[in-house]
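Asker: My questions all concern the structure below.
The values are calculated or read from the model by the stated rules, or taken from the named source; none is laboratory data. Not measured: the values here are computed from a predicted model. Cβ sites come from the backbone with ideal geometry, for glycine too, and all protein chains shown count toward neighbours.
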Ligand code: NAD
């Protein structure tokens, strides 16, 4: 049994009596424990981060970045070990667990480079002998609240831009994946991050998470998780005028036009609907198929979904691992019943697997609904499991309308051989991310990531925009004319 610990002010703390237990979702067996931290623990972590801020923020950014470069190297060495923890704690299959760690490695290399950029702008002035520029300043202590579905990648997306920009952080990771967050922070400590600059506090969202968001010394909160939690966080932060970044759920659709390569479309959809057992914010939970390809696509998707190999994520050849916890399976069951009651037709899955070797684990068969109407709840609400619903449309215009007809706006995809249709969709999709000739998943860290509408509140993680949330932009005017020059007046 493993024990995740809190890191506060540079000390790994011995756990108290209150704990949260974790389980292996592939077997249901007990796995480890993590501290169930209190608001007082959180306050100590925030105080440590506040104390560490002056010295970390005054260290030159290229020096800060050297620590992050060492982190990248350590994570590379430990990739397999950490991926094993990912699979054990939340179930994703081996190659995706390795990908989760790789994403943190990629982000570490990207942010190590950012230490020598952190660009502002220099521009001409409207007045002579005057220089105008912007500088980036750190925001202060940043509270990072993260989910379980990318338990290494998402803590890296938030912490590394924050750190390179000179902030100090308190990370409250998901209570389902404390071991992953601990392994990541252990590597940061070994990379040489000074005491107090990174603090790790485990616990529940309601207690530890809410205490972090509400703490007056936390200047900014970056959150990824469900819409419900995001709204709660926003409600706590709003009266304090606290800067918040919210990355929330999705209801992503793949549009398949009649001219698409059918084999390719099937492969792309299976990967984006059932990768991570559909527990990705970018999962393809809707397929929007043009009438001419619709029937063949439904048939092939159903066949493909039935052939996917379900099992323990670490077993070679397994393509679909378990869901994270029993409540996740129950939620999927609830939505499958809703879909049937709404009149959609189940063409694959729709049940827990009968294989006795999977007994004890939290498995659900890859599920395909056909005959879904765009307004059905299974086509509107985030299920976060291995379920996709196929919707028939006449043409591209209807496909775009259906695609955009949900409250969410994270990722959209179109599969077609026609460039003009692809470009029309790329411009018309109301999403933060568009894929042409692929499914909806597979972000690269050097590009902005995030959603619009009900998925996000206007910020982006990663890419060139990843540091924006974690920096205050300061405008500096240097007037070396020696005269009193008045903007807008002395023309
Ligand atoms: P969740 O909202 O249940 O929990 C996320 C985090 O918030 C956890 O650390 C939790 O402890 C904490 N939390 C819960 N209540 C809180 C509160 N009142 N105050 C402060 N913190 C609180 O989400 P989850 O089940 O861990 O993750 C799944 C969700 O995350 C899905 O909706 C998925 O779409 C979304 N997600 C979005 C993105 C994205 O980038 N848009 C990426 C991954 C996951």
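Asker: For segment 227-248: of the residues being surrounded by fewer than 22 Cβ atoms within 10 Å (Cβ to Cβ) and within 9 Å of the ligand (Cβ to nearest atom), which is farthest from the chain's Cα centre (by Cα)?
Answerer: Here the answer is 236.
Asker: Could you give every pair whose Cβ atoms fall below 9 Å, whose first residue belongs to segment 257-285 and is part of a helix (DSSP H, G or I), and whose second residue is surrounded by fewer than 21 Cβ atoms within 10 Å (Cβ to Cβ) and modelled with pLDDT under 95, counting only separations of at least 6 or pairs across chains?
Answerer: 271/442; 272/442; 275/442
Asker: Taking segment 325-350, which residues are under 24 Å from residue 314 (Cβ atoms) and assigned to a loop (DSSP other than H, G, I, E, B)?
Answerer: 325, 349
Asker: For the structure I just gave you, tell me whether residue 328 is away from the ligand (no atom under 14 Å from the Cβ) and either over 23 Å from residue 364 (Cβ atoms) or assigned by TED's automatic domain parsing to the domain that holds residue 357 (or both).
Answerer: No, not satisfied.
Table: residues versus (1) in contact with a helix residue (DSSP H, G or I) (Cβ under 8 Å, 6 or more places away or on another chain); (2) not in a loop (DSSP other than H, G, I, E, B).
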position: 88; (1), (2): yes, yes
position: 95; (1), (2): no, yes
position: 100; (1), (2): yes, yes
position: 144; (1), (2): yes, yes
position: 148; (1), (2): yes, no
position: 151; (1), (2): yes, no
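Asker: Also, quick follow-up: Among the listed residues 375, 471, 367, identify the single one that is in the same structural domain as residue 330 (by TED's automatic domain parsing) and either over 27 Å from residue 293 (Cβ atoms) or surrounded by 20 or more Cβ atoms within 10 Å (Cβ to Cβ) (or both).
Answerer: After applying the criteria, what remains is 367.
Asker: Is it true that residue 384 is part of a loop (DSSP other than H, G, I, E, B), within 16 Å of the ligand (Cβ to nearest atom), modelled with pLDDT of 95 or more and on the phi > 0 side of the Ramachandran plot?
Answerer: yes
Asker: Find the residue count for segment 34-56, including only residues that are assigned to a helix (DSSP H, G or I), more than 14 Å from residue 198 (Cβ to Cβ) and in contact with a helix residue (DSSP H, G or I) (Cβ under 9 Å, 6 or more places away or on another chain).
Answerer: So the count comes out to 5.
Asker: Any idea how many residues of segment 61-79 are within 12 Å of residue 180 (Cα to Cα) and either free of Cβ contacts under 8 Å to residues at least 24 places away in the same chain or not assigned by TED's automatic domain parsing to the domain that holds residue 110 (or both)?
Answerer: Matching residues across segment 61-79 total 0.
Asker: Would you confirm whether or not segment 227-234 contains a residue that is in a loop (DSSP other than H, G, I, E, B) and in contact (Cβ under 8 Å) with a residue 24 or more places away in the chain?
Answerer: no
Asker: Please return the ranges of strands (runs of 3 or more DSSP E) entirely within segment 389-491 where 2 or more residues are over 23 Å from the mean Cα position of the chain (by Cα) and touching a residue at least 12 places away in the same chain (Cβ under 8 Å).
Answerer: It comes to 471-479.
Asker: Quick check on residue 192: is it within 14 Å of the ligand (Cβ to nearest atom) and at pLDDT 95 or above?
Answerer: Spelling it out, it is not the case that residue 192 is within 14 Å of the ligand (Cβ to nearest atom) and at pLDDT 95 or above.
Asker: Among the numbered criteria (1) assigned to a loop (DSSP other than H, G, I, E, B); (2) surrounded by fewer than 24 Cβ atoms within 10 Å (Cβ to Cβ); (3) out of contact with any strand residue (DSSP E or B) (no Cβ under 6 Å at 6 or more places or on another chain), which one does residue 193 miss?
Answerer: Unmet for residue 193, out of (1) assigned to a loop (DSSP other than H, G, I, E, B); (2) surrounded by fewer than 24 Cβ atoms within 10 Å (Cβ to Cβ); (3) out of contact with any strand residue (DSSP E or B) (no Cβ under 6 Å at 6 or more places or on another chain): (2).
Asker: Restricting segment 204-226 to residues that are over 30 Å from residue 374 (Cα atoms), out of contact with any helix residue (DSSP H, G or I) (no Cβ under 7 Å at 6 or more places or on another chain) and touching a residue at least 40 places away in the same chain (Cβ under 8 Å), which is nearest to the ligand (Cβ to nearest atom)?
Answerer: 209
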